[in-house]
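Only one structure is covered here, and it is reproduced in the block below.
The values are calculated or read from the model by the stated rules, or taken from the named source; none is laboratory data. Because the structure is a prediction, the values reported are computed rather than measured. Backbone-built Cβ (ideal geometry, glycine too); neighbour counts: all protein chains shown.
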Amino acid sequence: MRKSVTLGLTFFGTLLAIYIPATNYLLQQRAPLQADAINVAISPPMQTVLSGGDRYLAANIGTLRALFLSVEKLTASDYAILARVQDDSSLLNPRSNDNYYIAQAILPWAGELESTQRILIRAAEALPNDPNPYFFLGFNHWQFERNYQAAGAAFEKAAATTHDSKQRDAYLHMASKFYTHTDDLDLAIKTIEHLRQTARDPALKQHLLARQYRILRLQILREKAHEYRKLNGKPIGNLEDLVVAGLLDQVPADPLGIGYDVDANGQPIMIIRQGPKRIQ
């Protein structure tokens, strides 16, 4: 027993003898520039080799490189390297919450959307009980691509992932808003009906039903606008033209109270209360 204690103390003393001088040396060195911390991206196999064959350790090292990086003075090429480092880290360990959070916080805003979406897709597949990757995917489809159908699909998957009923209904609500923004009105109606059948909250069910009626009334407006064009050889200038032409008794009310309008081509559209531009 005494021999084991002696060996242990000797080993500990040896570690201290190495650690303290090494630490003092490192503290005296020049602090690295921000770009120095991310100036090279090593292939995932090589990262694994350098981490003793532990791919999770390799992934964590890559994530730490991104975590402690200040982005204030990075150039476009630095962001490209950062995107590759985080992309590779997600290959090694797609379950890393830190990695996908950091990627979402930095990369899409720096023009590295494609890498961000790959990281989020891997995280979503690897973390079946975490709705956040799908939430971020949907946000990115909307914010950076204006791809409303992809955004709706991502939010619907987020709803299916979460176990929080209020959060689930909130995601379904968001999905329904994005699905509304499509030229395929039949698809929009069917999709929102699916969401309505899935929803549990009565108020949300009622809201989704109102969205369906909103699209149905838009369908009527478009059919009548098409009929007006055939009869008069020109598009409508406003919705009242349909009433004046006797094609409608009145412009149908929007169940959501927002309203309808006509685009530059004479196509009836739904007015979008939020967002930088109107979407048909």
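Which of the residues that make up segment 215-246 are over 21 Å from residue 185 (Cα atoms) and either touching a Cys at 6+ places or on another chain (Cβ under 8 Å) or not in a helix (DSSP H, G or I) (or both)? Hits for segment 215-246 are 233, 234, 237, 245, 246.
Within segment 204-232, can you find the residues that are modelled with pLDDT under 95 and small (Gly, Ala, Ser)? Result: 210, single match. With the condition kept exactly as written, say whether any residue in segment 194-205 is over 29 Å from residue 252 (Cβ atoms) and in contact with a Gly (Cβ under 7 Å, 6 or more places away or on another chain). Checked against the condition, which is being over 29 Å from residue 252 (Cβ atoms) and in contact with a Gly (Cβ under 7 Å, 6 or more places away or on another chain), segment 194-205 yields no hits at all. The condition (being farther than 28 Å from residue 183 by Cβ and crowded, with 18+ Cβ neighbours inside 10 Å) is satisfied by just one residue among 168, 118, 95: 168.
Sort through 105, 150, 188 and tell me the only one that's among the small types (Gly, Ala, Ser) and under 20 Å from residue 214 (Cα atoms).
Working: 105 fails: under 20 Å from residue 214 (Cα atoms); 150 fails: under 20 Å from residue 214 (Cα atoms).
After ruling out the rest, the residue left standing is 188.
Residue count for segment 233-269 satisfying the condition of being among the charged types (D, E, K, R), crowded, with 16+ Cβ neighbours inside 10 Å and modelled with pLDDT of 95 or more: 1. Taking the criterion of being crowded, with 18+ Cβ neighbours inside 10 Å and more than 18 Å from residue 105 (Cβ to Cβ), the residues of segment 122-153 that qualify are 148, 151, 152, 153.
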